[in-house]
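Notes follow once the structure below has been shown.
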Amino acid sequence: MRKPIIAGNWKMNGSRSSIKELLDGIKAGVGEVKSAEVVVCAPSIYIADVAAQLEGTDIAWGGQNLSTEPKGAFTGEISADMLLDFNCKYVIVGHSERRSLYGETDEIVAEKFEVARKAGLRPILCIGETLQEREDGVTNDVCARQIMAVIERSGVQALLDGVIAYEPVWAIGTGKTATPEQAQETHAAIRKLIAEKDASVAEQVRIQYGGSMNAGNAAELLAMEDIDGGLIGGASLKAEDFLTICKAAG
Ligand code: 13P
């Protein structure tokens with residue numbers, strides 16, 4: 001049985017006061033979440049605040065990015081050890097916004113995945129196709145290429161140190177969600193690809209769906225066989241909506 005996992009990706013949103021209010025709300029309701037693992041990924045400058053507020057709760061926290069380098073003259077970067085210093089458990093790698101806006105290639109993302117897991121962080125590996133790629137019928141090829149970059153660098157077993165998040169780029173922040181059937185089809189294809197390398201890893205690895213998942217559509221997406229959770233953007237900024245999604249996960 002794969003334990004469901006719901007992670008909030010706050011992206012570049014919030015303030016010290018709004019984050020306090022959000023976390024107070026999540027903490028007040030998280031007791032009603034039965035089995036799902038609950039994670040929030042905060043802007044790095046707020047991670048210390050988040051850690052102080054979540055220490056001792058069942059909610060885990062993480063970063064949204066990390067450097068491939070351990071330390072040194074890399075202005076503006078955050079290392080794996082810095083995230084660990086604030087007890088981050090997770091870190092998002094390869095979000096489509098980082099791939100498209102900040103030039104992160106499959107190779108850079110695979111290196112970040114490796115650096116994170118070697119340090120003891122759990123990487124949330126984001127993959128997914130653009131609208132053009134979906135229309136061109138190459139969705140599964142794109143996901144395969146993005147995952148294979150990690151498998152070739154770190155080996156298939158390494159996937160179990162992290163989580164995969166399938167996020168169709170056309171569904172991110174657009175309000176246009178993949179249908180449960182569309183999402184399931186791609187999740188199943190991702191699991192099949194991994195099974196060709198190692199059936200046991202494929203069976204165990206958790207694959208989240210991300211892209212306009214919200215309080216209204218989460219239950220039907222999460223009910224699909226190969227959807228093991230969600231990576232939530234906009235709806236993770238409202239405690240009530242985020243909790244509804246967490247509860248829908250189990
Ligand atoms: P939205 O939920 O706002 O579409 O964002 C999804 C996402 O990119 C999570 O990483």
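Couple of notes before you dig in:
- Whichever residue in segment 1-16 is within 22 Å of V163 (Cβ to Cβ) and among the polar types (S, T, N, Q) and, among such residues, is nearest to the ligand (Cβ to nearest atom): N9
- Index of the failed condition, G29 passing every other in (1) in contact with a Pro (Cβ under 7 Å, 6 or more places away or on another chain); (2) among the small types (G, A, S); (3) more than 24 Å from I151 (Cα to Cα): (1)
- Single unsatisfied condition, V142 versus (1) touching a strand residue (DSSP E or B) at 6+ places or on another chain (Cβ under 8 Å); (2) within 14 Å of the ligand (Cβ to nearest atom): (2)
- The residues of segment 83-100 that are of a type outside the set (S, T, Y) and within 12 Å of the ligand (Cβ to nearest atom), listed by number, are I92, V93, G94, H95, E97, R98, R99.
- Among the residues of segment 104-142, the ones that are in contact with a Phe, Trp or Tyr (Cβ under 7 Å, 6 or more places away or on another chain), hydrophobic (A, V, I, L, M, F, W, C) and outside any loop (DSSP other than H, G, I, E, B) come to 4 in all.
- Filter result for E129 (under 29 Å from L237 (Cβ atoms) and open to solvent by less than 20 Å² (accessible area, probe 1.4 Å)): yes
- Look at segment 107-130: where a residue is in contact (Cβ under 8 Å) with a residue 60 or more places away in the chain and a partner is assigned to a loop (DSSP other than H, G, I, E, B) and surrounded by 24 or more Cβ atoms within 10 Å (Cβ to Cβ), sitting 6+ places away or on another chain with Cβ atoms under 6 Å, you get C126/G94; C126/H95; C126/E167; G128/E167; G128/P168.
- Qualifying position, being within 22 Å of T105 (Cβ to Cβ), within 16 Å of the ligand (Cβ to nearest atom), within 17 Å of the chain's Cα centre (by Cα) and in contact (Cβ under 8 Å) with a residue 40 or more places away in the chain, among I164, I147: I164
- Annotation: T139 fulfils all but one of (1) over 30 Å from M82 (Cβ atoms); (2) polar (S, T, N, Q); (3) out of contact with any Ser or Thr (no Cβ under 7 Å at 6 or more places or on another chain); the unmet one is (3).
- Applying the criterion of being in a helix (DSSP H, G or I) and open to solvent by less than 20 Å² (accessible area, probe 1.4 Å) to the residues of segment 154-170, the residue that is farthest from L125 (Cα to Cα) is A158.
- Residues of segment 190-213 that are more than 15 Å from the chain's Cα centre (by Cα) and either open to solvent by 30 Å² or more (accessible area, probe 1.4 Å) or within 16 Å of the ligand (Cβ to nearest atom) (or both): K192, L193, A195, E196, K197, D198, A199, S200, E203, Q204.
The values are calculated or read from the model by the stated rules, or taken from the named source; none is laboratory data. Please read these numbers as outputs of a predicted model, since none were measured by experiment. Using ideal geometry, Cβ is built from the backbone for each residue, glycine included, and neighbour counts are taken over all protein chains shown. Accessible surface areas use protein heavy atoms only, side chains included; no ligands, DNA or RNA. Shrake-Rupley method; radii C 1.70, N 1.55, O 1.52, S 1.80 Å.
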